[in-house]
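Enquirer: Below: one structure in structure tokens.
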Amino acid sequence: MKSSPGPVFVVGVNGSGTTMLADSLGHHPDLYMFPRETRVLPSLLHKYGAMGPISNENRSALVQELSHGKAFWRENGNQPVVLPEVEYSSAATAGDAIAAVYLHMAHRMGKQHWGDKTPMYVQHLALMARAFPGARFLHVLRDGRDCAQSFHRRWGLSPLRSVWRWKKAVAFGREQGLKLGPDRYMEVKYEDLTSNPEQRMREVCHFLQIPFLPAVLKSNMRYFDPNSDRAQAGAMVPNSQRWRKYFTGDQIRQLESVAGRMLFEAGYPVELMGDADPASWKLASLKWMDWARMSRSHLQGLRRVAGVQAFFMRAREAVTQDRVNRY
């Protein structure tokens, strides 16, 4: 007997196309993709236990903590999501309790299945797989040099640290994902998805055990090519290899000296098969410089009081992310 679809997790390095894929899947009438990054599931699973029975007290506390968290609060019009106790009283594990919150949101949209798009969960596939035994994971891959140029162009982030983070996160995600096997883990290359959307989305839907529908070929995320006719129609469009013109030859060699081997293993052509990690002190320095740039971007265009609030909110988010971000 064919099993019913379980939850869907779209993961990968930020800037790889996870938002585009999740948005497209969210157009499916059977699948609700939560539209915000939750970021907190690994810490909640560590706190309340990824496996084994959960007590009545912890079950209620977990549902309360997640449904009152930032992501669900904002998605619910800046107020907490309130679940009737009957919707989670039968949850036997922490994963079941978490699923009850997502299902509450899915049912409000008339959908029966749910998914989450939080890129950083690529670093926690083994934990998430234990907590959600029926879950399937879509790991979106994109050329790390394109990710690096995107981060630098949009926020001024260090290309060197970006490609190092890409290398580490991709390697860790692939290692865990391949252990899950092809029934639960699938890699989706951004370049393949945008060059031949229908073929790739048919494969994705088959993997997720949901029927393919033309609706999943639409995406509202048009930031990648807003002026093209296909983008205006809501279609996926290619946006690859910008790094070739964006970086100088010396910069490309530097990036490949750090991540060339992983780029090659992921199917991308390289000149250098490098795998050298920058010195720890340099990575630490680049990390805090990146954090300062991101914080400054949140302050721009805001009034002084709101800007200060945004700065401290960004600081709290950075601490929270460091608890679940290895890289």
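The values are calculated or read from the model by the stated rules, or taken from the named source; none is laboratory data. Fair warning: this is a prediction, and the values are worked out from it, not measured in the lab. So basically every Cβ, Gly included, is an ideal-geometry build from the backbone, and we count neighbours across all protein chains shown. Accessible surface is based on the protein model in full, side chains and every heavy atom, while ligands, DNA and RNA are left aside. Shrake-Rupley method; radii C 1.70, N 1.55, O 1.52, S 1.80 Å.
Enquirer: What's the carbon and sulfur percent of segment 91-226's accessible surface, probe 1.4 angstrom, rounded to a whole number?
Expert: Details: 2720 of 4950 Å².
Carbon-and-sulfur percentage of accessible area, whole number: 55.
Enquirer: Residues with amide H under 5 Å of Tyr185's amide H, sequence separation 5 or more or different chain, H placed in the peptide plane at 1.01 Å from N; which?
Expert: It is Phe137, by chain and number.
Enquirer: Which of the peptides 239-251, 62-74, 132-144 is most tightly packed, and how do the rest follow, going by the mean number of other Cβ atoms within 10 Å of each residue?
Expert: So the peptides 239-251, 62-74, 132-144, ranked by packing, come out 132-144, 62-74, 239-251.
Enquirer: When the helices in the chain are scored as -39500 (n - 2.57) per DSSP H run of 4 or longer and the sum is shared across all residues, what 222 nm value do you end up with, to the nearest 500 deg cm²/dmol?
Expert: Helices in the chain give a 222 nm mean residue ellipticity of -16500 deg cm²/dmol.
Enquirer: If you average the sequence gap of Cα pairs under 8 Å that are 6 or more apart and divide by the length of the chain, what percent do you get for the contact order? Walk me through the intermediate numbers first.
Expert: Details: 499 pairs, mean separation 71.3, N = 327.
In percent, rounded to a whole number, it is 22.
Enquirer: Of the peptides 201-209, 23-31, how do they stack up when ordered by the mean number of other Cβ atoms within 10 Å, highest first?
Expert: Order by mean packing, descending: 23-31, 201-209.
Enquirer: So which of Lys117/Lys168; Lys70/Lys168; Lys111/Lys218; Lys179/Lys282; Lys245/Lys287 end up more than 30 Å apart by C-alpha? Write out the running numbers ahead of the final one.
Expert: Working: Lys117/Lys168 19 Å; Lys70/Lys168 28 Å; Lys111/Lys218 18 Å; Lys179/Lys282 33 Å; Lys245/Lys287 25 Å.
Violating the 30 Å Cα-Cα cut-off are Lys179/Lys282.
Enquirer: Can you figure out the FRET efficiency of Lys47 with Ser90, using R₀ = 25 Å and their beta-carbon distance, to the nearest 0.05? The partial results should precede the final answer.
Expert: Details: r = 21 Å, r/R0 = 0.84.
After rounding to 0.05, the efficiency reads 0.75.
Enquirer: In Å², what does the accessible area per residue of the chain work out to with a 1.4 Å probe?
Expert: It amounts to 48 Å² per residue over the chain.
Enquirer: Please compute the alpha carbon radius of gyration of the chain, then divide it by the globular-protein estimate 2.2 N^0.38 Å. Two decimals is fine.
Expert: Ratio of Cα Rg to 2.2 N^0.38 Å: 1.01.
Enquirer: Out of Ala99, Met120, Pro133, whose Cα points farthest toward the positive end of the dipole of segment 74-175 (charges: +1 Lys, Arg; -1 Asp, Glu; placed on Cβ)?
Expert: Final value for the positive-end residue is Met120.
Enquirer: Within segment 117-132, which residues have the backbone N less than 18 Å from the label spot 7 Å out from Lys179 along Cα→beta-carbon, could you tell me?
Expert: Backbone N within reach: 121-132.
Enquirer: What FRET efficiency comes out for the pair Ser55/Asp30, r = Cβ-Cβ distance, R0 = 51 Å, nearest 0.05? It would help to have the intermediate numbers written out before the result.
Expert: Working: r = 33 Å, r/R0 = 0.65.
For R0 = 51 Å, the calculated efficiency reads 0.95.
Enquirer: Mind checking the angle between helix 159-180 and the chain's longest principal axis? C-alpha axes, 0 to 90 degrees, to the nearest 10.
Expert: The angle comes out near 40 degrees.
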